[in-house]
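The values are calculated or read from the model by the stated rules, or taken from the named source; none is laboratory data. Quick caveat: nothing in here was measured; it's all calculated off a predicted structure. Here the Cβ positions follow ideal geometry from the backbone for every residue, glycine too, while neighbour counts run over all protein chains shown.
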């Protein structure tokens, strides 16, 4: 699958986007509007956090509409922990967008990211809507990808073409990360658009499956922030309907895009200097492998060691051992970028200098091989650095 | 309960201890021996980590002996991920101690803490045993408390007298922490001695209950390191038997000592500058309260904010919301050292400067009050600092 990282949500036909500075942030664009010119089927995966944000409550309802025409996203303010006032502000935003696009408020989705607990200045957003709509363009994806960022340092987009039985369709997406890629990550938002026509329930299934194999591999199930969401629109503007036999290839493209966006989020983790794949193999079940991989990926001791290029593989073994999975500790091998550190649960005899050298690249693979079965899982994370502490001490 | 923090494992009658430098560490004492002059009943709580260390495997067996006479502890080497060779070294240490004390090897317990994955230099420890035994003293508790430390910056001891129905008995303990107080903390060891006589199965029950309310409140159940253990000996040297009616008061003393040692570990967390109690109230069950408190306590975003005296209460709400407990987010109040930050799930209106001032003391209480019930739990943690990253980058 060839991915084009210079295009995003306006790659597919029939989508336009724009972004402006409405005044939530001090100086950069902070509100984006994505519009589908034809009625789009929507699918969504939302945070499971009890303390979920107002826009999540609203979009979780609206996602069930037969058609969706727009997604309004703001950065700088999460509209979370804002009670009924925040909920009303989110609803009012959908109403004002709907009024201008001549659709129903339930056909508009909203998403927010930024500081928790400050009321959303809905009037600033609403005052910017005319300008946003006037600026809508089928090349506006880049602007939109910029406007949704918070502490991210770069935009995250990718797109591709997919040959279905009826012809070629397009699919593209954008995301924002920020926050350490950890259970308690800051908000992750992702938006994916396609010009294929897909039945709503099928699209929902495809999206849920793709999220499990991508965005959920960089965070822990159920351990999401107040605002996390992944939304997909399919507007059929290509004139091509995805049939039953197209689903596999369409899924493959969707998964590739989700994985790429997820990896971009990790690479841009707060203060991160290294991208790390934790590959756990030889397990009885994929769930076991994932639980072990996630426990290693979330260990501050492992993450600080990677930052220091310190080959302290004992921390990897210790994290694996507390993942809640039973296994034979004498049957474990560990490789740091293909250099064997642990053999059958003990030091493999490799010199510390050689292991430390294995940790020098900015992209690392930590392989943990059990001897319980043939199932495996991969989780992506980054290191934990001084800069991470700096960023999070100062963030409010 | 008046706790004396200048005495530890040799406060109770019939216990002697000593420590020497056997050569595992470069310059400080690194092996301690604690001996009971009379046969002691032993109780123990051990790590649930799959990758558990050789001394844990050995002591888990020996703890079931009718009598225990000694505990040998070394620092600087965890004897974990050392396979059969490590296991043999641990067993050999028990044999050599037993030979010199004229007891059975199964009547000797061992514990280790330090680097994982390096073979234990058992010969160095064994070569030091004669000196250790010659140095045994009923004031040796302080030396022993020093010798078991790794990256700890101070010894952790406390003791008290308890009036039972038959007279006054003594109880004392020592601990080591090191490592961030987090699920993936480094080794935590604690040793408690009493000169009361207690039936073995009762002592085990008391210890398990006390550990749940103390050491397990600073780490997550099942999320323990390769070497964690808490061992208690009761040698009856006071001549006083703890009867059924003494159990409550004895438990209270034991719990107080365990809580004090646990809090000392948190205060001495790697790089810590603040001690934080996370008190969660108003829950349906104590388990719910504990799950929420632990999730907050383990959040790097919360911990870095506390370090920065940054009153980002949104991170507290976000962490609470992903603890896996269902509750009404509109019924949550949050207090930072008695200053209300969140009222009914929203900003309480308190000025940021006032909230920031509330975070200035070095001892903090974060209270999260739900409106689901009347159960509560308290978890203790510390902040996450630049020094934490420094220490853990360099540790190997």
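Here are the numbers:
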| read-out | value |
| --- | --- |
| Within the stretch A:36-50, tally of residues that are within 14 Å of another protein chain (Cβ to nearest Cβ) and surrounded by 24 or more Cβ atoms within 10 Å (Cβ to Cβ) | 2 |
| Yes/no for residue A:14 being over 20 Å from the mean Cα position of the chain (by Cα) and modelled with pLDDT of 95 or more | yes |
| Evaluation of residue B:321 against (1) surrounded by 21 or more Cβ atoms within 10 Å (Cβ to Cβ); (2) out of contact with any strand residue (DSSP E or B) (no Cβ under 9 Å at 6 or more places or on another chain); (3) touching a residue at least 60 places away in the same chain (Cβ under 8 Å) (one fails), failing number | (3) |
| Flag if residue A:78 is under 28 Å from residue B:291 (Cβ atoms), within 14 Å of another protein chain (Cβ to nearest Cβ), crowded, with 24+ Cβ neighbours inside 10 Å and modelled with pLDDT of 95 or more | no |
| The lone exception for residue B:61 - which of (1) surrounded by fewer than 24 Cβ atoms within 10 Å (Cβ to Cβ); (2) in contact with a strand residue (DSSP E or B) (Cβ under 9 Å, 6 or more places away or on another chain); (3) at pLDDT 95 or above it fails | (2) |
| Helices (runs of 4 or more DSSP H) contained entirely in the stretch B:107-163, each with at least 3 residues that are farther than 28 Å from residue B:195 by Cα and either more than 14 Å from chain A (Cβ to nearest Cβ) or out of contact with any helix residue (DSSP H, G or I) (no Cβ under 6 Å at 6 or more places or on another chain) (or both) | B:122-127 |
| Whichever residue in the stretch B:357-377 is more than 21 Å from residue B:286 (Cα to Cα) and surrounded by 17 or more Cβ atoms within 10 Å (Cβ to Cβ) and, among such residues, is farthest from the other protein chains (Cβ to nearest Cβ) | B:364 |
| All positions within the stretch B:48-65 that are part of a loop (DSSP other than H, G, I, E, B) and touching a helix residue (DSSP H, G or I) at 6+ places or on another chain (Cβ under 8 Å) | B:49, B:50, B:51, B:52, B:53, B:65 |
| Residue check, residue A:222 assigned to a loop (DSSP other than H, G, I, E, B), modelled with pLDDT under 95, within 14 Å of chain B (Cβ to nearest Cβ) and more than 30 Å from residue B:390 (Cβ to Cβ) | yes |
| Only listed residue being under 23 Å from residue B:43 (Cβ atoms), within 14 Å of chain A (Cβ to nearest Cβ) and either part of a helix (DSSP H, G or I) or free of Cβ contacts under 8 Å to residues at least 12 places away in the same chain (or both), chosen from B:216, B:227 | B:216 |
| Among the residues listed as B:310, B:337, the single one being surrounded by fewer than 24 Cβ atoms within 10 Å (Cβ to Cβ), at the interface with chain A (Cβ under 7 Å from one of its Cβ atoms) and either out of contact with any strand residue (DSSP E or B) (no Cβ under 7 Å at 6 or more places or on another chain) or in contact (Cβ under 8 Å) with a residue 12 or more places away in the chain (or both) | B:310 |
| Test: residue in the stretch B:374-394 that is assigned to a helix (DSSP H, G or I) and touching a strand residue (DSSP E or B) at 6+ places or on another chain (Cβ under 8 Å) | no |
| Test set (1) within 7 Å of another protein chain (Cβ to nearest Cβ); (2) out of contact with any helix residue (DSSP H, G or I) (no Cβ under 7 Å at 6 or more places or on another chain); (3) surrounded by 24 or more Cβ atoms within 10 Å (Cβ to Cβ) - residue A:290 fails condition number | (1) |
| Positions within the stretch B:66-104 being assigned to a helix (DSSP H, G or I) and in contact with a strand residue (DSSP E or B) (Cβ under 6 Å, 6 or more places away or on another chain), in sequence order | B:83, B:90, B:93, B:94, B:97, B:98, B:101 |
| The stretch B:269-282 residues that are on the phi > 0 side of the Ramachandran plot, paired with ones that are assigned to a loop (DSSP other than H, G, I, E, B) and crowded, with 22+ Cβ neighbours inside 10 Å (beta carbon under 8 Å, 6 or more apart) | B:271/B:180; B:271/B:384; B:271/B:385; B:282/B:370 |
| Filter result (under 18 Å from residue B:113 (Cα atoms) and at the interface with chain B (Cβ under 7 Å from one of its Cβ atoms)) within the stretch A:313-333 | A:313, A:314, A:317, A:318, A:319, A:321, A:322 |
| Which numbered condition residue B:381 misses (of (1) within 24 Å of residue A:226 (Cα to Cα); (2) surrounded by 17 or more Cβ atoms within 10 Å (Cβ to Cβ); (3) modelled with pLDDT of 95 or more) | (3) |
